[in-house]
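Colleague: Structure provided below as structure tokens; questions to follow.
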Amino acid sequence: MITLKEWEQNKEKWLDLDLELMTSDQSWKERTQKKGIPIFQRSFPDDKNDLFRWRLPSVAADHREVHHVFAHQMVDYHHYWTAEYSGGYVVNQIDNNTHIVYQQFNPIVPFVSKRDLLYIQWSREVNDKMIQTSFRSIQYDAIPLPTGFERIDWWGGHLFEANADGTSQLVLIDRENQGGQFPSFMMNLIMPNYLTHQFVSIIRFFEKGGTAAHEKLAEEKNTALKK
């Protein structure tokens with residue numbers, strides 16, 4: 001996990017790295033295809049949990065709308081594509097494009113501890129048809145680890161690209177160190193099926209009307225997490 005100082009020193013470099021990873025096939029290996037979507041995988045020396053990448057070629061919404069959901073409304077709608085998600089809130093809005101966010105997850109697998117996630121996200125407009133958001137787990141003393149939880153160490157990135165027909169493409173990279181005793185080999189094994197559930201649910205969310213057609217996660221639940 002990074003510190004806020006490390007983020008300040010490296011934020012542009014990390015954006016560049018994530019953009020390259022989301023747009024170049026170099027060093028990626030195709031792991032599998034699910035629902036016609038290739039899922040790519042690659043390793044890095046700093047963590048035994050691998051990074052995964054996949055591209056959704058047609059999401060039924062403008063790329064700016066999709067970006068807004070993922071960058072500004074994740075705590076309200078994340079439960080539609082991640083069944084374990086139980087609530088979250090924005091800890092600190094550093095500026096219009098940068099937030100520190102807290103989330104909690106209640107695993108549906110027996111005997112697996114609850115998880116939480118504390119991360120910084122920041123966005124930039126690559127050009128008039130492409131927006132990028134990066135995510136890194138962050139150390140933040142104001143949000144200690146609750147009793148009974150393990151904290152996920154996450155590296156993520158999203159790329160939102162406009163299609164000519166008004167739909168958009170969505171590229172995602174995702175590496176999740178679940179912490180505790182959850183083994184990396186098991187995470188690497190199950191990630192493709194987990195990601196398939198996610199991207200099918202994301203596609204369905206926007207096909208059914210996006211935020212206009214879906215209810216927010218109960219605000220009182222998110223508010224309760226802050227207490």
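The values are calculated or read from the model by the stated rules, or taken from the named source; none is laboratory data. All of these numbers come straight from a predicted model, not from anything done at the bench. Neighbour counts are summed over all protein chains in view; Cβ atoms, including those assigned to glycine, are modelled from backbone coordinates with ideal geometry.
Colleague: Do you know which residues across the stretch 70-107 are in contact with an Asp or Glu (Cβ under 6 Å, 6 or more places away or on another chain) and among the hydrophobic types (A, V, I, L, M, F, W, C)?
Modeller: F105 - this is the single residue of the stretch 70-107 that is in contact with an Asp or Glu (Cβ under 6 Å, 6 or more places away or on another chain) and among the hydrophobic types (A, V, I, L, M, F, W, C).
Colleague: Name every residue in the stretch 97-125 that is outside any strand (DSSP E or B) and either modelled with pLDDT under 90 or surrounded by 20 or more Cβ atoms within 10 Å (Cβ to Cβ) (or both), in order of residue number.
Modeller: If the condition is that a residue be outside any strand (DSSP E or B) and either modelled with pLDDT under 90 or surrounded by 20 or more Cβ atoms within 10 Å (Cβ to Cβ) (or both), then P107, I108, V109, P110, F111, V112, S113 are the ones that fit.
Colleague: Within the stretch 28-93, considering only strands (runs of 3 or more DSSP E) that don't extend past its boundaries, which have at least 2 residues that are among the aromatic types (F, W, Y)?
Modeller: 37-44, 47-59
Colleague: List every residue pair whose Cβ atoms lie under 7 Å apart, where the two residues are 6 or more positions apart in sequence or sit on different chains, the first residue falls within the stretch 184-200 and is surrounded by 12 or more Cβ atoms within 10 Å (Cβ to Cβ), and the second residue, located anywhere, is among the polar types (S, T, N, Q) and not in a helix (DSSP H, G or I).
Modeller: From the stretch 184-200, the pairs are S184/N49; M187/N49; M187/Q178; N188/N49; P192/T32; Q198/T82.
Colleague: Just to be sure, is L21 at pLDDT 95 or above, within 13 Å of D174 (Cβ to Cβ) and either in a helix (DSSP H, G or I) or polar (S, T, N, Q) (or both)?
Modeller: For L21, the condition - at pLDDT 95 or above, within 13 Å of D174 (Cβ to Cβ) and either in a helix (DSSP H, G or I) or polar (S, T, N, Q) (or both) - is met.
Colleague: For the stretch 206-223, which residues satisfy the criterion of being part of a helix (DSSP H, G or I), under 26 Å from I37 (Cα atoms) and either without any contact (Cβ under 8 Å) to a residue 12 or more places away in the chain or in contact with a strand residue (DSSP E or B) (Cβ under 9 Å, 6 or more places away or on another chain) (or both)?
Modeller: F206, E207, A213
Colleague: Would you mind telling me which numbered condition in (1) in contact with a Leu (Cβ under 8 Å, 6 or more places away or on another chain); (2) of a type outside the set (K, R); (3) loosely packed, with under 15 Cβ neighbours inside 10 Å V75 fails?
Modeller: It fails just one condition, (3).
Colleague: Hey, among K13, K48, K29, K35, which residue is of a type in the set (D, E, K, R), more than 28 Å from E150 (Cβ to Cβ) and touching a residue at least 60 places away in the same chain (Cβ under 8 Å)?
Modeller: K35
Colleague: Give me the pairs, please: first residue somewhere in the stretch 117-134 and among the polar types (S, T, N, Q), second residue anywhere and in a loop (DSSP other than H, G, I, E, B), beta-carbon distance under 8 Å, and either six or more positions apart or on two chains.
Modeller: If the second residue must be in a loop (DSSP other than H, G, I, E, B), the pairs left are S123/N97.
Colleague: Kindly indicate the residue of the stretch 155-166 that is surrounded by 18 or more Cβ atoms within 10 Å (Cβ to Cβ) and of a type outside the set (G, A, S) and also farthest from I203 (Cα to Cα) among those meeting that condition.
Modeller: This residue is W155.
Colleague: Kindly indicate which of I152, I138, I173 is more than 23 Å from F199 (Cβ to Cβ), buried (at least 19 other Cβ atoms within 10 Å of the Cβ) and in contact with a strand residue (DSSP E or B) (Cβ under 8 Å, 6 or more places away or on another chain).
Modeller: I138
Colleague: Let me ask another. Where in the stretch 144-194 are there strands (runs of 3 or more DSSP E), lying fully within it, with 2 or more residues that are closer than 20 Å to E65 by Cβ and modelled with pLDDT of 95 or more?
Modeller: Strands (runs of 3 or more DSSP E) meeting the threshold: 153-162, 168-177.
Colleague: Of all residues in the stretch 30-62, count the ones that are surrounded by fewer than 14 Cβ atoms within 10 Å (Cβ to Cβ) and farther than 20 Å from Q198 by Cβ.
Modeller: Here the count works out to 4.
Colleague: Please pick out the residue among G166, G148 that is touching a residue at least 12 places away in the same chain (Cβ under 8 Å), more than 22 Å from Y80 (Cβ to Cβ) and out of contact with any helix residue (DSSP H, G or I) (no Cβ under 6 Å at 6 or more places or on another chain).
Modeller: Of the residues listed, the single one that is touching a residue at least 12 places away in the same chain (Cβ under 8 Å), more than 22 Å from Y80 (Cβ to Cβ) and out of contact with any helix residue (DSSP H, G or I) (no Cβ under 6 Å at 6 or more places or on another chain) is G148.
Colleague: Would it be correct to say that T82 is more than 20 Å from Q198 (Cβ to Cβ) and among the β-branched types (V, I, T)?
Modeller: No; evaluated as a whole, the condition is false for this residue.
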